[in-house]
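One structure, as structure tokens, below. Some questions next.
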Amino acid sequence: MEGMLMNAVLSYLGVTTAEFWVGAFLVVFALVILLAALRPDREFADLPRGVFPAAGSSHSLQRARRTEPPLRAERPEMTIAEGAYAVRDASTVNLSASILIDLAVRGFIELVEYQHLTAGHPAIMIVYRRPPDSSCSPEERALLELLSTPGAAESPEYARTHPFNARLFRNELETAGIPLLGEPTARVSGLRVSAGTQIAARVRREVTDRRAWFASRHEHLGTVGAIELVSGGLALVFTFVLAALGALRPYWLAVSALVTIMGLFTVRGYGVRTAYGVVARDQTAGFRRFLVEAPPERGASVERLAKLAAWALVLSCVREWAQSLERLGRAAGVPAANSIETLLPWAQRSSVAFQTWQEVADFIELINARTHADTAASDADSPLDDITEGWGRVPSNWI
């Protein structure tokens, strides 16, 4: 009876026994991966949201809530680079730009916009001011060491094809009345790509291995899902054409479609956060609310928010952050131009002084858009050494 039923199924589908079981295996495999990947994130059941447990303590877990976390007025308990990974959508460019802005806010560098050509995009120059101190993370220390030598942080190809005109730069600043408080060292558009990728890799290891925010095994499931999505999609197109020509049974069209759909849901829905990672996510999401809502009763002020420019970039709320500063400034009766000049000495442009916080937001977004932006910034032929031991003294690429 079972044999007759199987023969009937094979006859209906128009495939051999081997073809049927191969197709069934592919569908079942994709289904198993999907079910394993859709395990929901877990959070600490007996702790408030956004609170890391004490070292060595034991806590029960529950399914993570999907509601918005509470507003957090304190900075997240992580570096700006780790914060970029806590939200899980920061690119290498976004990570590099955020670190540069954070270092500028803390007084290690300045970021100066100037027009180095008569036409085209303005350049953003990094001006080195002081060496790293005990407040710097290992990746910040390595980057500052690289920036301490003018021209070392730019890729050799970019420095060769875009020679830096120090005289023009200084003349523009003098004309604009901007005092040069440090040494011009690199343009963000030519910043070595290997610097950004190595910093990103190091921070990723930190949050995955030491801080254990992400379950690497579940990330592998996401990778498998991506392979299913791409290969299944290609197979779907191929089998559709052959089925339309009558050269292939619709069975393989159905198999390809099912694998593609399950691959898509695997990629979109796989959970990789540990309970610690959920805390990190809640901290950053709660802090984003603080930047956007800026309640004065929770300590929001122009002076405080002005120091959080890098966090606004990391948390994708630069425009909202600027609006909060404008709102707080109006309430305090302080002109924006005065506050910007006093609170943002690290942000300069040779064309005209900043007049509004939205202009500052434009400046931050320009930094993000220009970082590693030039194709000549790639230094794949001569990348930096491994960041583990720091980069030390790297020779200048400026002539």
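The values are calculated or read from the model by the stated rules, or taken from the named source; none is laboratory data. None of these values were measured; they are calculated from a predicted model. Note: ideal-geometry Cβ built from the backbone for every residue, glycine included; neighbour counts use all protein chains shown.
Given the residues GLU389, GLU359, which is the only one that is within 15 Å of ALA337 (Cα to Cα) and either touching a residue at least 40 places away in the same chain (Cβ under 8 Å) or not basic (Lys, Arg) (or both)?
Answer to the selection: GLU359.
Looking at ALA294, is it outside the structural domain of LEU26 (by TED's automatic domain parsing) and either charged (D, E, K, R) or in contact with a Ser or Thr (Cβ under 8 Å, 6 or more places away or on another chain) (or both)?
yes
Let me ask something else. Residues that are at pLDDT 95 or above and within 22 Å of the chain's Cα centre (by Cα): which helices (runs of 4 or more DSSP H) entirely in region 299-390 hold 2 or more of them?
Filter on region 299-390 gives 302-306, 309-314, 318-332, 357-370.
Of these, ALA254, ALA275, which one is among the small types (Gly, Ala, Ser) and more than 30 Å from ALA81 (Cβ to Cβ)?
Only one candidate qualifies: ALA254.
Anything in region 122-140 that is farther than 16 Å from LEU191 by Cα and not polar (S, T, N, Q)? List them, or say none.
Scanning region 122-140 gives ARG129, ARG130, PRO131, PRO132, ASP133, CYS136, PRO138.
I'd like to verify a number: residues in region 228-280 that are under 23 Å from the mean Cα position of the chain (by Cα) and either modelled with pLDDT of 90 or more or exposed (fewer than 15 other Cβ atoms within 10 Å of the Cβ) (or both), how many?
8
For region 294-312, which positions are surrounded by fewer than 19 Cβ atoms within 10 Å (Cβ to Cβ) and either closer than 23 Å to ASN368 by Cβ or in contact with a strand residue (DSSP E or B) (Cβ under 6 Å, 6 or more places away or on another chain) (or both)?
Matches in region 294-312: ARG304, LYS307.
Looking at region 372-391 only, could you name the residues that are more than 16 Å from GLU140 (Cα to Cα) and buried (at least 20 other Cβ atoms within 10 Å of the Cβ)?
Matches in region 372-391: HIS372, ASP374, ALA377, ASP379.
Still on this structure, I have one more. Mind telling me which of the residues VAL87, VAL51 ends up being β-branched (Val, Ile, Thr), at pLDDT below 90 and surrounded by fewer than 22 Cβ atoms within 10 Å (Cβ to Cβ)?
VAL87
A follow-up question, please. In the set ALA244, ALA226, which member is over 30 Å from TYR85 (Cβ atoms) and among the aliphatic types (A, V, I, L, M)?
Unique residue meeting the criteria: ALA244.
Take residues that are without any contact (Cβ under 8 Å) to a residue 40 or more places away in the chain and surrounded by fewer than 17 Cβ atoms within 10 Å (Cβ to Cβ) and tell me which of the helices (runs of 4 or more DSSP H) falling wholly in region 135-225 contain 3 or more.
166-176
Which pairs turn up if I take residues in region 285-312 that are of a type in the set (D, E, K, R) and look for partners that are in a helix (DSSP H, G or I) with beta carbon separation below 7 Å, at least 6 apart in sequence or on another chain?
From region 285-312, the pairs are ARG298/PHE290; GLU303/LEU343; LYS307/VAL105.
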